[in-house]
Amino acid sequence: MEIPVYFFTGFLESGKTTFIESILRDPNFCEGERTLILLCEQGEAEFDYSLLMDTNCVVVAVEELEDFNRILLHECNRKYKPERVIVEWNGMWKLSDIPQNAFPKNWMVYQTVTTVDARTFDNYFQNMGGFMFPMLQMTDMIVFNRADDTTKDLIQKRRVRMINRRADIFVDYPDGRSEVYQESLEANLDLSADIVEVSEADYAMWYFDAMEHPEKYAGHTVRFLCQVYRPNGMGKNNFAAGRFVMTCCAEDIAFCAVVCKHASAAKLVDRDWYWLTAEVRHEFFPEYQGKGPVLYVSSLEPAEKPDDDICYVK
């Protein structure tokens, strides 16, 4: 039987325990399944043990990251025979630190939820970005609790939607209200132009928009300054063209590139700079593991490296 595993991440006092208790009280989530709670952090809020008894839960404390290992998890699986596992993760540990093959083979991670105290979010973001960024990036849901009228402005200012485009984001208020956070990430480009000029200022937004909605740009010709790269095995006439993009902080800089086709691809030198002009098509390509924007290049003009080679999200 497949055992669903739910991870709850967030800094100390971000509301993880309270959020877990709220879902245990939800009859749509909890129907008396044997639930193992792996408690990796002790905050001010403690579990209501009468609730744990009523919802058939057992709590196992994990005090050190090195204790969250194959031996412990397999022993818990044998001893408690859970039908569901909830992990309240330590805010100072990274999910990437979990050893490979630590879980029993029938444990499957179903969802990761990150809770954020809206009152301390900006301070943590500025001073502990190295810990907060992976939490926001590697999650399926982000819940900003203890929110006020400024919270949505902070979410936009810190580009949380750009950090994680797939996660559901909720804003919860002290009076019990909860709302889904919405933000438009469309690139502001003139698609009526014969050649759509993608400036350095627009590149990041265009890239994310094109990756999410490739059909929107299909049939249009674009032009932008880029670096080229040819991964091994990509094919004789194929290459990648893109820019290094910083979404919010130095930890998240990444080479954001699209697949291109050109007869001279094999002659290109990695990291050389070009002005690229190409028609965008919406096609299947293995690197995308499905359909995505494929650029059929009509012009490659050698270019100089700009003074700042990083593009930023506006």
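The values are calculated or read from the model by the stated rules, or taken from the named source; none is laboratory data. Since this is a predicted model, take the numbers as computed values, not measurements. When we count neighbours, we look across all protein chains shown, and the Cβ atoms used for this are built from the backbone with ideal geometry, even at glycine. The area values use the complete protein model at the heavy-atom level, side chains included, leaving out ligands, DNA and RNA. Shrake-Rupley method; radii C 1.70, N 1.55, O 1.52, S 1.80 Å.
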Completion exercise
Phi-derived 3J(HN,Hα) across the range 128-143 with the Karplus relation (6.51, -1.76, 1.60, θ = phi - 60°), rounded Hz, x for Gly and Pro, is 9, x, x, 8, 6, 4, x, 4, 6, 7, 9, 9, 9, 8, 10, 10
Exercise for the section: In debye, nearest 20, what is the charge dipole magnitude of the range 116-257 about its Cα centre with +1 on Lys and Arg Cβ and -1 on Asp and Glu Cβ, if you could check? Expected result: 560 debye
Fill in the blank from the handout: Loop-resident GluC sites (Glu not before Pro) in the range 132-217 with no more than 13 other Cβ atoms inside 10 Å, DSSP not H/G/I/E/B, are Glu183, Glu186
Exercise for the section: Alpha carbons only, please: Rg and Dmax for the range 32-132, in angstrom. Expected result: 15.0, 43
Handout entry: Fraction of antiparallel bridges per DSSP, the chain only, in percent to nearest 5
Key = 45 percent
Problem - Helix-only [θ]222 nm of the chain, DSSP H runs n ≥ 4, -39500 (n - 2.57) each, per residue, nearest 500 - result: -6000 deg cm²/dmol
Exercise for the section: State whether the range 107-183 is rounded, prolate or oblate according to the following rule on the C-alpha gyration tensor (a ≥ b ≥ c being the square roots of its eigenvalues): a/c under 1.5 gives rounded; otherwise a/b larger than b/c gives prolate, and the remaining case gives oblate. Expected result: oblate
Exercise for the section: Assuming a ≥ b ≥ c are the square roots of the Cα gyration tensor eigenvalues, decide whether the range 148-201 counts as rounded (a/c under 1.5), prolate (otherwise, with a/b larger than b/c) or oblate. Expected result: prolate
Problem - Rounded Å value of the spacing that divides the Cα centres of the range 100-115 and the range 57-75 - result: 13 Å
Practice task
Over the chain, average the accessible area per residue using a 1.4 Å probe and give it in Å², no decimals.
Solution key: 51 Å²
Handout entry: Percent RCO, i.e. relative contact order, over the range 152-203, from Cα pairs under 8 Å lying at least 6 residues apart
Key = 24 percent
Exercise for the section: On the protein heavy atoms, probe 1.4 angstrom, tell me the percent of accessible surface of the chain carried by carbon and sulfur. Expected result: 48 percent
Fill in the blank from the handout: Rounded to one decimal in Å, the inverse mean reciprocal Cα-Cα distance for the chain, i.e. its Kirkwood radius, is 22.1 Å
Handout entry: Relative contact order of the chain, defined on C-alpha pairs under 8 angstrom at six or more residues apart (%)
Key = 14 percent
